[in-house]
1. Looking at region 107-127, which of the residues that are more than 14 Å from the chain's Cα centre (by Cα) and modelled with pLDDT of 90 or more is surrounded by the most Cβ atoms within 10 Å (Cβ to Cβ)?
2. Give the residue, chosen from 25, 66, that is within 27 Å of residue 89 (Cα to Cα) and buried (at least 18 other Cβ atoms within 10 Å of the Cβ).
3. (1) assigned to a helix (DSSP H, G or I); (2) surrounded by fewer than 16 Cβ atoms within 10 Å (Cβ to Cβ); (3) over 13 Å from the mean Cα position of the chain (by Cα): which one isn't true of residue 102, the others all being true?
4. Within region 86-99, can you find the residues that are buried (at least 19 other Cβ atoms within 10 Å of the Cβ) and either under 13 Å from residue 66 (Cβ atoms) or touching a Lys or Arg at 6+ places or on another chain (Cβ under 8 Å) (or both)?
5. For the subset of region 57-82 comprising residues that are within 20 Å of residue 14 (Cβ to Cβ) and of a type outside the set (A, V, I, L, M), which member is modelled with the lowest pLDDT?
6. Just to verify a result, which residue in region 83-94, among those that are in contact with a strand residue (DSSP E or B) (Cβ under 8 Å, 6 or more places away or on another chain) and of a type outside the set (Phe, Trp, Tyr), is modelled with the highest pLDDT?
7. Please determine whether any residue of region 40-52 is farther than 22 Å from residue 83 by Cα and without any contact (Cβ under 8 Å) to a residue 12 or more places away in the chain.
8. Is there any pair with a first residue in region 95-110 that is touching a residue at least 24 places away in the same chain (Cβ under 8 Å) and a second that is assigned to a helix (DSSP H, G or I) and among the aliphatic types (A, V, I, L, M) whose Cβ atoms are under 6 Å apart and which are 6 or more apart or on different chains, and what are they?
Amino acid sequence: MILPGAGDYIDIHTHGGKPSPGIFVVENLMAHEGRMPSETEGMAFSMGIHPWFLEETNISPQLSLVKEISTGTDLIAIGEAGFDKLRGPSREIQRKAFEEQAEIAETANTIEIDIDIPSETIDDEDF
């Protein structure tokens, strides 16, 4: 695995970022896109399922891809994973994807990048 140099800025979450001198880029791959680490310009990568692109019909193949990719040597995180109260599938489907990605991260001995897109009009208890 390539590691950041002393004094490098670490861009922990980018979509399509390009490495340049002094910047260590972690490319975020989203499972619904099907992009593989070999297709990125990042120095390391994360892989996850964003709730906007999650459906009951695609949760299994997306989780399978995240699990498969989680064994890669340049993987530094699982995610972005989390909840969106305004867009995406039901709370139950989002929770299942979130919990399974957390298990994958634990098995891979890595971190999980989490998101929580709130809404002023939706109470957390309702979601």
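The values are calculated or read from the model by the stated rules, or taken from the named source; none is laboratory data. Note that the structure is a prediction, hence the values are computed from the model and not measured. When we count neighbours, we look across all protein chains shown, and the Cβ atoms used for this are built from the backbone with ideal geometry, even at glycine.
1. Step one: filter region 107-127 for residues more than 14 Å from the chain's Cα centre (by Cα), giving 107, 109, 117-127.
Within this subset, residues satisfying the condition of being modelled with pLDDT of 90 or more are 107, 109.
Working: 107: 12, 109: 7.
Among them, the one singled out is 107.
2. Going through 25, 66 in turn, just one is within 27 Å of residue 89 (Cα to Cα) and buried (at least 18 other Cβ atoms within 10 Å of the Cβ): 66.
3. Of everything listed in (1) assigned to a helix (DSSP H, G or I); (2) surrounded by fewer than 16 Cβ atoms within 10 Å (Cβ to Cβ); (3) over 13 Å from the mean Cα position of the chain (by Cα), residue 102 misses just condition (3).
4. 97, 98
5. Per the stated criteria, the residue is 73.
6. Looking only at region 83-94, we keep the residues that are in contact with a strand residue (DSSP E or B) (Cβ under 8 Å, 6 or more places away or on another chain), and these are 83-87, 91, 94.
Subset that is of a type outside the set (Phe, Trp, Tyr): 84-87, 91, 94.
Numbers: 84: 88, 85: 85, 86: 85, 87: 87, 91: 89, 94: 93.
Looking at residues that are in contact with a strand residue (DSSP E or B) (Cβ under 8 Å, 6 or more places away or on another chain) and of a type outside the set (Phe, Trp, Tyr), I get 94.
7. First, pick out the residues of region 40-52 that are farther than 22 Å from residue 83 by Cα: 40-44.
Remaining after also requiring without any contact (Cβ under 8 Å) to a residue 12 or more places away in the chain: none.
No, the conditions are met nowhere in region 40-52.
8. 97/59; 100/63; 104/66
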